[in-house]
1. Can we say A:Arg189 is among the basic types (Lys, Arg), surrounded by 16 or more Cβ atoms within 10 Å (Cβ to Cβ) and part of a strand (DSSP E or B)?
2. Looking only at the range B:191-207, filter to residues that are part of a helix (DSSP H, G or I) and in contact with a helix residue (DSSP H, G or I) (Cβ under 6 Å, 6 or more places away or on another chain); which one of those is least open to solvent (accessible area, probe 1.4 Å)?
3. Right, B:Gly69: assigned by TED's automatic domain parsing to the domain that holds B:Leu135, surrounded by 16 or more Cβ atoms within 10 Å (Cβ to Cβ) and under 29 Å from B:Tyr126 (Cβ atoms) or not?
4. Test each condition in (1) of a type in the set (S, T, N, Q); (2) open to solvent by 60 Å² or more (accessible area, probe 1.4 Å); (3) within 16 Å of A:Ile98 (Cα to Cα) for A:Ser127 and report the one that comes out false.
5. Give B:Leu38, B:Leu15 a once-over and let me know the one that is more than 26 Å from the chain's Cα centre (by Cα), free of Cβ contacts under 8 Å to residues at least 24 places away in the same chain and more than 23 Å from B:Pro128 (Cα to Cα).
6. Select from the range B:158-185 the residues that are touching a strand residue (DSSP E or B) at 6+ places or on another chain (Cβ under 7 Å), open to solvent by less than 10 Å² (accessible area, probe 1.4 Å) and closer than 11 Å to B:Ser253 by Cβ and list them in ascending order.
7. Can you report the number of residues in the range B:148-182 which are assigned to a loop (DSSP other than H, G, I, E, B) and more than 7 Å from every other protein chain (Cβ to nearest Cβ)?
8. Go through the range B:220-238 and count every residue that is of a type in the set (A, V, I, L, M) and open to solvent by 70 Å² or more (accessible area, probe 1.4 Å).
Amino acid sequence: MLSVRNLKRLSIGPVDLDLAPGEIVALVGPSGMGKSLLMRAIADLDPNEGEATLNGQSRASMTAPEWRKQVMYVPAHSGWWADWVEPHFEGAMRSRVIELLQRLGLESTALGWPVANLSTGERQRLSLARALALNPKVLMLDEPTSGLDTDNAERAEALIRRHAAEGSGVLFVTHDAAQASRLGERVLRLKDGQLFDEPVTPQPHEAPS
Amino acid sequence: MTGVYIQLNYIDLVLASVFLLLAGGLSVALKLGLEKSLGIAALRTVVQLTLIGLVLKILFQMASPWWTGLAAITMIALAGREASARQGLKLRDGWSYSIAATALLTSGAIVTTLALTTAIRPEPWYDPRFALPLLGMVLGNTLNGVSVGMERVTATLKREREAVEARLALGHTRREAVRPYVREALRAGLMHIINAMSAAGLISLPGMMTGQILAGVDPTEAVKYQILIMFLIAGSTAIGALMAVLAVSKRLSDDRDRLRLDRLKGEAR
């Protein structure tokens, strides 16, 4: 569904990348190698060269907001533009939002919370919910569970799996090798600006240790 | 004219400087280290104002549209430089200067020309005795609004980078993503003139009006002039700040709806 060809951004690339519907791919590699930059470039958040298509439709043929609504990047550090949580979910169906919050272990009253009082883990889960609520076709997650405890990380992983099972592609960055092979059906390693397939030992879907 | 204009001689100026010398003396006594800055600033006032007095005298005598125009362009160019020099964070490749100068040129020129041709109507309309002081007052205040607005929108976009990019990543347009910061910057840019208009007559007697009264003009006439000037200044500040802030926010994003902080250099103040 997502196809990236000859993507170049500063020290990265040219990179080719394919993501099938329902596929979950882990992106690993040392810090500073440009994993986030690669995702940002695919989302067209930074100037970059190369081709990207979604279900055959090229990125260049749509406006950037149209592209990003379908190929959505969720950064490791979430940004908040209003004082309260609720306005950040504008445009999403309320029932869907409430369901997502519950699946992530958050109370539905979270929508009425002030952003300034959110913990790191709450911010991370809310920013995941915020993206999932818009139902993107491709989800790119930058360390989606790095600030979460085991239970909440497990909930987040379950939700990511469910989203993929509904036909979306997921690309996620992780520094946790166990998570990469547990959640990822395929693992890609970014090294010296190039992507390499990493052998992966399939693991049963169970709670993260 | 209802009053008498009292001419000053140089002895009067020397007398007025006694208090400045006193301030300098205090600075030395209290080790404030301000005496040098005070002295240089005072000297600059004398030299700059004397020079501009001579230049204006010559320009008024010539009353030439070309020389008046040249003086106006020079003033605008200097104002643009001042506005861009006040920016802690500058846009690369001279964009800060270009944006400030264009905003000042457009707003200052439109407002001043309109006031000269419709409200004040000197004969000829470009009479430098009217045109240049008017432009000076309009520019001086617009400069403030433009530079404050530019500074604010740049600093907030940099500070709120994560919030702006979160919106962009969720598929908001750049216009939606920067709108709150543009609004905030405009409010900051216009605050000065709104305060000045609110305080006028109650807390402060505006300088131009005071000057006219000192020159012997009837206070009610001086007030009319002052209101006219206030309106012109407010209009020009609003137009100039709006242009500059929108242009900066446009330059700090691109047509693929990205935030382009890489187009900045320097440190926020």
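1. Spelling it out, A:Arg189 is indeed among the basic types (Lys, Arg), surrounded by 16 or more Cβ atoms within 10 Å (Cβ to Cβ) and part of a strand (DSSP E or B).
2. So the residue we want is B:Ile193.
3. Details: assigned by TED's automatic domain parsing to the domain that holds B:Leu135: yes; surrounded by 16 or more Cβ atoms within 10 Å (Cβ to Cβ): no; under 29 Å from B:Tyr126 (Cβ atoms): yes.
Answer is no for this residue.
4. (2)
5. Working: B:Leu38 fails: more than 26 Å from the chain's Cα centre (by Cα).
Of the residues listed, the single one that is more than 26 Å from the chain's Cα centre (by Cα), free of Cβ contacts under 8 Å to residues at least 24 places away in the same chain and more than 23 Å from B:Pro128 (Cα to Cα) is B:Leu15.
6. Within the range B:158-185, B:Val164, B:Leu168 meet the criteria.
7. Summing the residues that are assigned to a loop (DSSP other than H, G, I, E, B) and more than 7 Å from every other protein chain (Cβ to nearest Cβ) in the range B:148-182 gives 1.
8. As a first pass, look at the range B:220-238 and keep what is of a type in the set (A, V, I, L, M): B:222-223, B:227-230, B:232-234, B:238.
Applying the additional criterion that residues be open to solvent by 70 Å² or more (accessible area, probe 1.4 Å) yields B:227.
Total satisfying the criteria: 1.
The values are calculated or read from the model by the stated rules, or taken from the named source; none is laboratory data. Given the structure is predicted, the values throughout are model-derived calculations rather than measurements. Glycine gets a Cβ as well: all are built from the backbone with ideal geometry, and neighbour counts include every protein chain shown. Ligands, DNA and RNA are excluded from the accessible area calculation, which covers all protein heavy atoms including side chains. Shrake-Rupley method; radii C 1.70, N 1.55, O 1.52, S 1.80 Å.
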